[in-house]
Amino acid sequence: MTPARDDLPRPFFARQYARLSPGLEAAGMAGLRTELLAPLTGEVVEVGAGNGLNFAHYPPAVRRVVAVEPEPRLRALATTAAARAGTPVTVLAGRAELLPLPDDSVDGAVLCLTLCSVAGRRRALAELVRVLRPGGTLRFLEHTLASTPGRRHLQRLADATLWPLLAGGCRTATDPVADLEAAGLAVQQVRSFPFPATGPWLPATPHVLGSAVAS
């Protein structure tokens, strides 16, 4: 198979994520996906669709999903998941920093455990602002900064060492809410929580879920 121009291969992460996904879904991620996607309507772009686990959770009010994924192995799994989804889903190769969509073309957008691994975060959010119609909704479920200085220090230490290599470029010491606001989106309905809810604390344990609205 000829690699797509926008491929970003991360074979170790892709294999491990696919292997670990069922356990994470059973631990509560499936319910979080339903909560994340429930408010969406119309046409939606999902950036960093991974292996397509969101597809089964889109509500009937969503008419169509364009799912963008740069990792080839995960994109192939997402394509299989799209064929089983109740909502029409088109899976495309592409990166968050250059979305293959026209201006003002979607009613909603989804970032689900994606922004932490995007190198050009500012450009990626500008792309989402570009493709969202005025008043469109961005739903996000992302890693976020820990609530204490000591744990934030551990996140920065992890980010500077092995964590991004093992976790597909993920950097945990990020503040997605601040990034969305800096991009000109109006953030609302935010809640922070640990995931998984039980077990040892890890740099990726703090999560945030919410909405942002395009002007």
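The values are calculated or read from the model by the stated rules, or taken from the named source; none is laboratory data. Just so we're clear, the structure is a prediction, and the values are computed from it rather than from any experiment. All Cβ positions, glycine included, derive from the backbone under ideal geometry; neighbour counts span all protein chains shown.
Brief remarks on what is shown
- Of all residues in the stretch 1-37, exactly one satisfies the criterion of being touching a helix residue (DSSP H, G or I) at 6+ places or on another chain (Cβ under 7 Å), over 22 Å from TRP163 (Cβ atoms) and either assigned to a strand (DSSP E or B) or among the hydrophobic types (A, V, I, L, M, F, W, C) (or both), namely LEU37.
- Put simply, of ARG64, ARG122, ARG84, ARG73 the only residue that is touching a residue at least 24 places away in the same chain (Cβ under 8 Å) and closer than 26 Å to ALA173 by Cα is ARG122.
Conditions tested, residue by residue: (1) in contact with a Ser or Thr (Cβ under 6 Å, 6 or more places away or on another chain); (2) more than 23 Å from ARG19 (Cβ to Cβ).
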residue	(1), (2)
LEU132	no, yes
HIS143	yes, no
THR148	no, yes
LEU154	no, yes
LEU157	no, yes
ALA186	no, yes
GLN189	yes, yes
ALA204	yes, no
VAL208	yes, yes
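Conditions (1) over 27 Å from ALA61 (Cβ atoms); (2) surrounded by fewer than 20 Cβ atoms within 10 Å (Cβ to Cβ), marked per residue:
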site	(1), (2)
PRO88	no, yes
LEU92	no, yes
VAL131	no, no
ARG139	no, no
LEU162	yes, yes
ALA173	yes, no
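- Number of residues in the stretch 101-126 that are assigned to a loop (DSSP other than H, G, I, E, B) and either polar (S, T, N, Q) or over 17 Å from LEU209 (Cα atoms) (or both) equals 9.
- Scanning the stretch 63-89 for residues that are closer than 11 Å to VAL44 by Cβ, outside any loop (DSSP other than H, G, I, E, B) and more than 15 Å from the chain's Cα centre (by Cα) yields ARG63, ARG64, VAL89.
- Filter result for LEU40 (more than 14 Å from the chain's Cα centre (by Cα) and in a loop (DSSP other than H, G, I, E, B)): yes
- Residue in the stretch 172-182 that is of a type in the set (A, V, I, L, M, F, W, C) and either touching a His at 6+ places or on another chain (Cβ under 6 Å) or modelled with pLDDT under 95 (or both) present: no
- Of all residues in the stretch 38-86 being of a type in the set (D, E, K, R) and more than 18 Å from VAL106 (Cβ to Cβ), the one that is surrounded by the fewest Cβ atoms within 10 Å (Cβ to Cβ): ARG84
- Residues that are out of contact with any Pro (no Cβ under 9 Å at 6 or more places or on another chain) and either more than 19 Å from VAL213 (Cα to Cα) or not hydrophobic (A, V, I, L, M, F, W, C) (or both) were ranked within the stretch 141-155; the one that is surrounded by the most Cβ atoms within 10 Å (Cβ to Cβ) is ARG152.
- Condition met for THR137 (touching a strand residue (DSSP E or B) at 6+ places or on another chain (Cβ under 6 Å) and of a type in the set (S, T, N, Q)): yes
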